[in-house]
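Notes to accompany the following structure.
Coordinate-derived values only; no laboratory data. Model, not experiment: these values are computed from the prediction. Every residue, glycine among them, receives a Cβ derived from its backbone with ideal geometry; neighbour counts consider all protein chains shown.
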């Protein structure tokens, strides 16, 4: 058995009130790669500080093997002034070539003064210092914040080759799936451990919650109320996801058709007649630069009402410049940007500057008083609306100043989505959000009837929301690709490799390999709908029977059998739905 190099035993910690966690025992061995998940405020960051030795536990023991080098990256890092970046990163034991290499990958010049760095750059410098030394244990709290996609992918490769023990908190699902081999779930003060990585988290956590739900039903206990939001949030996700994915595939199909007709085939004069009031933004051969640096060169696109556009690119490549051009806040050097009529802009405040620390959450949404907030033209009670964003009754009357970073982001999102507007711009909305809030945000944005412009480095978020990706590749190259981030990766290689050689912008029309469905695949696609419908009906019948609180007392033998049948049929339905989506997408590609 491998000897742990870092562990907690029967650990408990609180800050004067109810303990954040109690009776927790866990250990890390060399080679372990653990993701720590849980809601904002559940105590994840505090637990990492206990493991790193910053906090002492109230009860229990912490053990670290003598000589173990532990490096910890906190969410909020205070860095010294008066030094250059390279001087700060090169602490004793760090080789200069290692420090320079990591800083280069993270995009921060070593000769910059610490005092001149932005918040995002300071975060990257702190990460560089943690990675530059040869450590035995890496403890990383939200390491992907303020990293662009290239830096995130580099970090994944780095951690994949790391031989020490790793424990990481992140809201980036794709990142966690790629780096973790086991999962710790901190849930209401208790720790659940799983020997598989984050890819298995949804199924595993659903099983735990289903077990709890069954126990609560048998006991007919009022504690069921405590579990309600958790069970609803996880088990309802599949049904929501399937409907959302079907709508998203339809929107992507529309976008594909428009892009294929776009490159020089449709004159601008025909736009109003073809699309009328649906037009949000028309961009024709737009270029923009600053001095000798070309940011955007001859980019053309058309954004229609209801589309969800993801904007990606390395930090400093020009994403913000492109965003300002698209919403009419910046004029191009050449080309034309034409905004549609009656566009009302809502801009997500990433810096949370619209929040007043002394206001309550209630006052933040109702600054003029009262208890009603208008959400997309419909009145909602402010308490009910805030509960949708996972705030409890005590928090609603509390001040903004006591909220965590993730909770403040939730509040800004609630405030933004309550504004009147039909063009919503979200610049890195996923920072500091936990998994449950990300699921909530995806649901809310999927139902949003206006148009979305999203700047994000969260690949899973982009895959689940966007109808197309606009990639700012650098050197003036900007291309648009139908679909999410995974679709962008499949289409991108030829476009990106050829662009620098030809010094031209590749057509926005996506490269699509047509694949015809075989006879067996067509039959399978036709039969799957009937299979899914039958499974759904059977699941509904089982759920109805098991929902009866007296069922267990009357039929204890059948209860266990029905419970197992329900779990099996849910799994079958999930597999059938995934297969249907795969075949449906293949069929759509073969028709294009």
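Could you put 173, 163, 246 in order, starting from the residue whose Cβ has the fewest other Cβ atoms within 10 Å?
Starting with the residue having the fewest Cβ neighbours, the order is 163, 246, 173.
How large is the direction-averaged shadow of the alpha-carbon convex hull of the range 273-322, in nm²?
4.3 nm²
Just rank 580, 154, fewest to most, by other beta-carbon atoms within 10 angstrom.
With the fewest neighbours first, 580, 154 line up as 154, 580.
Multiplying the sequence separation of residue 65 and residue 290 by 0.36 nm and subtracting their Cα-Cα distance, what value in nm do you get?
Extra length available between residue 65 and residue 290 comes to 75.6 nm.
For residue 534 and residue 203 in the same chain, what is the full-extension length gain: residue separation times 0.36 nm, less their Cα-Cα distance, in nm?
Difference between extended and current length: 117.0 nm.
Could you put 467, 364, 181 in order, starting from the residue whose Cβ has the fewest other Cβ atoms within 10 Å?
Placing the least packed residue first, the sequence is 181, 364, 467.
Report the full-extension gain for the segment residue 374 to residue 181: residue separation times 0.36 nm, less the Cα-Cα distance, to one decimal in nm.
Between residue 374 and residue 181, full extension yields 65.0 nm more.
With the calculation restricted to Cα positions, what are the radius of gyration and Dmax of the range 6-205 in angstrom?
That works out to 16.9, 50 Å for Rg and Dmax.
Using Cα pairs under 8 angstrom and six or more residues apart, how large is the relative contact order of the range 18-167, in percent? Intermediate results must be reported in sequence, preceding the final value.
Working: 176 pairs, mean separation 49.2, N = 150.
Contact order relative to length: 33 percent.
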